[in-house]
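Okay, so here's the structure we're looking at.
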Amino acid sequence: MSLGGWVNDYVAAEQRQAERGEPIFIFYKDHLDPLSGRVDQALRDGDVKSALAGKVACKLVKDYAPDRAYVAQYGVDRAPAIILVHPDGTYHAHLGAINAAGILAFLERSKPPGERPRQDAYIPRPFDPKWHSTLDRATEAANQQGKPTLIVFKWWLGADDWKLMRAFDAPEVQRVVEGCVLCRLDYDYLPNRNHLRTFGLTRTPAVVVRHPDGSYRTLEGLVPPDDLVRFIRDALSSPSSQTNGQ
């Protein structure tokens, strides 16, 4: 969403940066903080507006948890703050109140490269996974992309099967499967039962993490999301010696 030329969504800001090759200027504010109000007013200054031309202007707010998580990677833990994120991924940041002259000086001295953001910060992002419905298509995509394949075998009548599928909506699960090609196979379809047996599995629900070299790890039955995350993370980092001909 865009308000008066300002984007209030960091995902949209990153997309614009990727399209335009421009730096992102972030104003991180607290609606209830008078200091944030003063910075907001300073950003309306004509010279500041001119200096922000050619930059993706983005406003993020303290009372929205994903925004707090996003600015944390730039060392920002309070509002108000301004951040300039360069196209090379490095950044400069200023915490605390700042007037129009200070913003102009910040922009002038904030030349790339800056500091590298924290890589361990969890930044919530939209998760719209593409689930392949055949193992052949998933295998083809995984081979093209050089990614591991995460395969879920499920039966539409199984209560545990649906609970396991819903676990993939949990943010902590989404984080560990983002780098996988996803495949969902229904037990009702006879060829999928053959695939199930190929992996040494006997029942649903079941999960397989298969690496590009053909090695794989398996999990049978319903497990809590934390255990599912642990299994997937371990399977991705430590391939099994098991292999199949898929």
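Numerical summary
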quantity	calculated
Estimated FRET transfer efficiency when R0 is 51 angstrom, pair residue 141-residue 50 (beta carbons, to 0.05)	0.65
Net charge, residue 30 excluded, C-beta distance under 14 Å - Lys, Arg +1, Asp, Glu -1	+1
Under Karplus coefficients 6.51, -1.76 and 1.60, residue-wise ³J(HN,Hα) of segment 40-57 in Hz, glycine/proline x	4, 5, 4, 6, 8, 4, x, 5, 5, 4, 5, 5, 7, 4, x, 10, 7, 8
Mean separation of Cα contacts under 8 Å, 6 or more apart, over the residue count of the chain: relative contact order %	15 percent
Label-point separation, residue 33 to residue 108 (7 Å along Cα→Cβ), nm	2.6 nm
Efficiency of FRET between residue 203 and residue 40 - r from beta-carbon atoms, R0 51 angstrom, step 0.05	0.30
Unit charges on C-beta of K, R, D, E only; dipole of the chain, Debye	160 debye
Most to least packed among 108-118, 89-99 [average Cβ atoms within 10 Å]	89-99, 108-118
Vicinal HN-Hα couplings computed from phi for segment 166-179 (Karplus, 6.51 cos²θ - 1.76 cosθ + 1.60; Hz; Gly/Pro x)	5, 4, 6, 7, 6, x, 5, 6, 4, 4, 8, 9, 4, x
HN-Hα J in Hz across segment 214-228 - Karplus 6.51, -1.76, 1.60, θ = phi - 60°, x for Gly and Pro	x, 6, 7, 10, 10, 9, 10, x, 7, 9, x, x, 4, 6, 5
Residue-averaged [θ]222 nm for the chain, counting only DSSP H segments that reach four residues, each worth -39500 (n - 2.57)	-11000 deg cm²/dmol
Full-stretch length increase - residue 165, residue 194 - with 0.36 nm per residue and alpha-carbon distance subtracted	8.4 nm
Per-peptide average of other Cβ atoms within 10 Å, ordering 221-227, 21-27, 58-64 highest first	21-27, 58-64, 221-227
Under 5 Å, built H, 5+ apart or other chain: amide partners of residue 60	27, 28, 29
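We did not get these values from a lab; they are worked out from the coordinates using the rules stated. Model, not experiment: these values are computed from the prediction. Neighbour counts run over all protein chains shown; Cβ positions are idealised from the backbone, glycine included.
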